[in-house]
Amino acid sequence: MERYETGEFESGGYNWKLVIYPSGNKDKNVTEHISLYLAIEAADLRPPGWEVHAIFRFFLHDQIRDNYLTIEDTQKEERRFRGIKLEWGYDKVIPLKTFKDARNGYLVDDTCVFGAEVFVSKQRSMDKGECLELIKESITNKFVFRIENYSKLTTDFYDSNSFNVGIYKWKIWLGPNGEGIGLGNYNSLHLALANKSSLSAGTKIFAEFTMRILDQVNGRHPSAKHNCQLQLLAGGLVPQAICMVGTDSSQSVLPI
């Protein structure tokens with residue numbers, strides 16, 4: 001077992017748990033030691049931007065002498081638990097050799113006892129901020145939206161099937177009769193997120209894409225390249241996250 005999470009316990013009005021790496025936290029390149037962390041329940045950090053400051057210490061029970069090894073910050077420094085940092089603790093709590101030595105009393109009959117004391121010192125809503133995740137190498141994909149019986153289309157918009165690029169699902173919207181100032185004279189094409197319901201309110205995605213309408217006779221394919229930011233707002237204010245491809249004067253790409 002690489003990682004073990006205890007059941008939740010309450011302190012200061014919040015739910016916490018211990019996270020134990022019996023053989024060391026491999027993500028921190030720790031070996032031959034036990035790693036131990038305190039984690040807050042993410043659902044308790046409401047509303048968004050809420051943060052909790054806490055002072056804590058850990059205990060490891062010596063079952064032979066019935067006392068405790070205490071692990072704590074000697075400066076008793078507050079730790080700030082928030083959406084992007086749910087865990088605090090120690091990468092190297094105790095060497096495995098020391099822990100497993102029966103004479104020390106920490107592991108008896110294959111049983112050990114860890115504990116924690118948590119003091120919530122303050123809680124507040126932090127100033128608005130944003131977390132930006134950079135993609136080292138761009139992810140590209142091609143998708144073809146083939147429409148049969150185009151002359152018989154009657155509704156304002158048609159959706160393509162969804163397709164994957166990176167961790168997101170996308171789709172293309174076609175407006176056969178255009179929209180806005182291009183209504184009745186142009187086609188409209190949109191790039192939209194297909195799985196927007198899985199994103200948190202306020203999520204922003206930056207994308208670069210090119211749309212083309214294939215010329216099936218001459219091979220001259222009209223296209224438009226676009227950079228955009230797709231944002232999903234709270235409360236359904238923007239029910240779809242859309243970027244539109246258009247000319248300088250309209251949200252359209254090709255005359256009808």
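Computed from the coordinates by the stated procedures, all read-outs in this text should not be read as laboratory data. Everything numeric in this text was worked out from a predicted model, so none of it was measured. Because the Cβ atoms are built from the backbone with ideal geometry, glycine has one as well, and the counts that use them run over all protein chains shown.
The alpha-carbon atoms of region 32-131, seen along their principal axes, cover 52, 23, 23 angstrom, with the largest extent given first. Please go through the residue pairs K152/K204; K122/K169; K76/K100; K26/K171; K76/K204; K28/K171 and name each one whose alpha carbons sit more than 31 Å apart in this structure. Too far apart for the 31 Å limit: K152/K204; K122/K169; K26/K171; K76/K204; K28/K171.
Modelled spin labels at A102 and K26, positioned 7 Å past Cα toward Cβ, are 3.0 nm from each other.
If a spin label sat at a point 7 angstrom from the Cα of E8 along the line to its beta carbon, the backbone N atoms of region 71-92 nearer than 18 Å would be those of 81-88.
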